[in-house]
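Asks: This is the structure I have questions about; it appears just below.
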Amino acid sequence: MSSSVVNRLLIFFVLIFIITNLGFYKTYLIHFPKFDGFPWVYHIHGMLAMAWVLMLIAQAYLIREKKYELHKLVGKLSYVIMPLFLASLFFAAKESYLTNIKTKPQADVLANMTNGGTIDIFFIGLIFALAMVYKKNVGYHLRFMASTGLIILAPGLGRFVFAFLEIPFPLALIPMLLCTTGAGIIWLIMDIRNKKSAFPMGVYVVISLIMFVIGAGSHSASWQGFAKWWVDNLY
């Protein structure tokens, strides 16, 4: 793997860390250290998300420094961090639902679950599983791991656009989608032009588009029915 690719990847992961923290500053981090009114599950979820991004940064740095054995050792942490992160997504989504259902119509709360972490559990889990299946294929593994970072970037980027650029929430989704899905599409096109496999980034782009379609149809009968089943049986 060329040093320029690794350097760009390292910069990319650092930017994810910075943007995510800026995005959550006005809505969460500004309340440090008391965090009055925030359930404990949000703290755990945030710490696990940051642990994952920091691990991605460390892994890219270790590759750049050619510390491959340490890279493999740190990589074993992913088998602990990712399952815990996915579990925290579930409980954070549950907490959000139980809070919102007290003051909002159920249809709107079920619709909000499309961007509340519920579908992320499936898609981040799938991409991580593929990264582990193809861990001996450096190109595939790198792209799938980077894709987890792109998905994690979305919530922080959306809040950053909303809070700092003061773009209203529905419109804030546009630059968020352009950056996260657009980055995947550009990477996919570059892979095709360079005669590399389109499989890993193709999977990410398809997943991103599916997530967009689900979000756009959040009040559809199919999503409402699934979400209602989800909360009735799991919450």
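The values are calculated or read from the model by the stated rules, or taken from the named source; none is laboratory data. No experiment lies behind these values; they were computed from the predicted model shown. A quick note on method: Cβ atoms are made from the backbone with ideal geometry, for glycine too, and the neighbour counts reach across all protein chains shown.
Asks: Considering each of Thr114, Thr148, Thr103, Thr118 in turn, give the residue that is out of contact with any strand residue (DSSP E or B) (no Cβ under 9 Å at 6 or more places or on another chain), among the polar types (S, T, N, Q) and surrounded by fewer than 19 Cβ atoms within 10 Å (Cβ to Cβ).
Replies: Numbers: Thr114 fails: surrounded by fewer than 19 Cβ atoms within 10 Å (Cβ to Cβ); Thr148 fails: surrounded by fewer than 19 Cβ atoms within 10 Å (Cβ to Cβ); Thr118 fails: surrounded by fewer than 19 Cβ atoms within 10 Å (Cβ to Cβ).
Criteria check complete, one pass: Thr103.
Asks: Residue under question is Gly158, and the condition is that it be assigned to a helix (DSSP H, G or I), surrounded by 13 or more Cβ atoms within 10 Å (Cβ to Cβ) and either at pLDDT 95 or above or in contact with a strand residue (DSSP E or B) (Cβ under 8 Å, 6 or more places away or on another chain) (or both); does it hold? So that I can check it myself, show each step before the final result.
Replies: Values: assigned to a helix (DSSP H, G or I): yes; surrounded by 13 or more Cβ atoms within 10 Å (Cβ to Cβ): yes; either at pLDDT 95 or above or in contact with a strand residue (DSSP E or B) (Cβ under 8 Å, 6 or more places away or on another chain) (or both): no.
So Gly158 does not fit the description; no.
Asks: I would also like to ask the following. The conditions are (1) of a type in the set (A, V, I, L, M); (2) at pLDDT 90 or above; (3) more than 18 Å from the chain's Cα centre (by Cα), and Ala163 fails exactly one of them. Which is it?
Replies: Going through (1) of a type in the set (A, V, I, L, M); (2) at pLDDT 90 or above; (3) more than 18 Å from the chain's Cα centre (by Cα) one by one, Ala163 breaks only (2).
Asks: Would you confirm, using the coordinates I've provided, whether Ser197 is small (Gly, Ala, Ser), at pLDDT below 95, outside any helix (DSSP H, G or I) and farther than 14 Å from Ile151 by Cα?
Replies: The answer is no for Ser197.
Asks: Let me ask another. Given the conditions (1) surrounded by fewer than 20 Cβ atoms within 10 Å (Cβ to Cβ); (2) out of contact with any Leu (no Cβ under 8 Å at 6 or more places or on another chain), which single one is not true for Leu153?
Replies: Condition (1) is where Leu153 drops out.
Asks: If a residue has to be of a type outside the set (A, V, I, L, M, F, W, C) and within 23 Å of Glu95 (Cβ to Cβ) to count, how many in segment 190-235 make the cut?
Replies: Qualifying residue count for the region: 9.
Asks: Right, next: Kindly indicate whether any position in segment 190-198 is among the hydrophobic types (A, V, I, L, M, F, W, C), under 18 Å from Ala131 (Cβ atoms) and surrounded by fewer than 18 Cβ atoms within 10 Å (Cβ to Cβ).
Replies: If we filter segment 190-198 for residues that are among the hydrophobic types (A, V, I, L, M, F, W, C), which is where we start, we get 190, 192, 198.
Pick out the ones that are also under 18 Å from Ala131 (Cβ atoms) and you get 198.
Going one step further and asking which of them are surrounded by fewer than 18 Cβ atoms within 10 Å (Cβ to Cβ), we end up with 198.
For segment 190-198, residues among the hydrophobic types (A, V, I, L, M, F, W, C), under 18 Å from Ala131 (Cβ atoms) and surrounded by fewer than 18 Cβ atoms within 10 Å (Cβ to Cβ): present.
Asks: Do you know which of the residues in segment 30-78 that are among the β-branched types (Val, Ile, Thr) and more than 19 Å from Ala146 (Cβ to Cβ) is surrounded by the most Cβ atoms within 10 Å (Cβ to Cβ)? Outline the logic, then answer.
Replies: Of all residues in segment 30-78, those among the β-branched types (Val, Ile, Thr) come to 30, 41, 44, 53, 57, 63, 74.
Of the ones still in play, those that are also more than 19 Å from Ala146 (Cβ to Cβ) are 30, 41, 44.
Values: Ile30: 10, Val41: 18, Ile44: 16.
Among those residues, the one meeting the criterion is Val41.
Asks: Report, ordered by the first and then the second residue, all pairs with beta carbons closer than 6 Å, sequence separation of six or more or different chains, a first member in segment 215-230 that is part of a helix (DSSP H, G or I), and a second member that is small (Gly, Ala, Ser).
Replies: Every condition considered, the pairs that remain are Trp223/Gly217.
Asks: Within segment 46-64, work out how many residues are touching a residue at least 60 places away in the same chain (Cβ under 8 Å), within 19 Å of Gly116 (Cβ to Cβ) and not aromatic (Phe, Trp, Tyr).
Replies: 1
Asks: Go through (1) buried (at least 20 other Cβ atoms within 10 Å of the Cβ); (2) under 18 Å from Phe226 (Cβ atoms); (3) modelled with pLDDT of 95 or more one by one and return the number of the condition Phe90 breaks.
Replies: Result: Phe90 passes all but (1).
Asks: Go over the candidates Ile152, Ile192, Ile186, Ile174 one by one and state the one that is in a helix (DSSP H, G or I), in contact (Cβ under 8 Å) with a residue 12 or more places away in the chain and of a type outside the set (Asp, Glu).
Replies: Values: Ile192 fails: in contact (Cβ under 8 Å) with a residue 12 or more places away in the chain; Ile186 fails: in contact (Cβ under 8 Å) with a residue 12 or more places away in the chain; Ile174 fails: in contact (Cβ under 8 Å) with a residue 12 or more places away in the chain.
The unique qualifying residue is Ile152.
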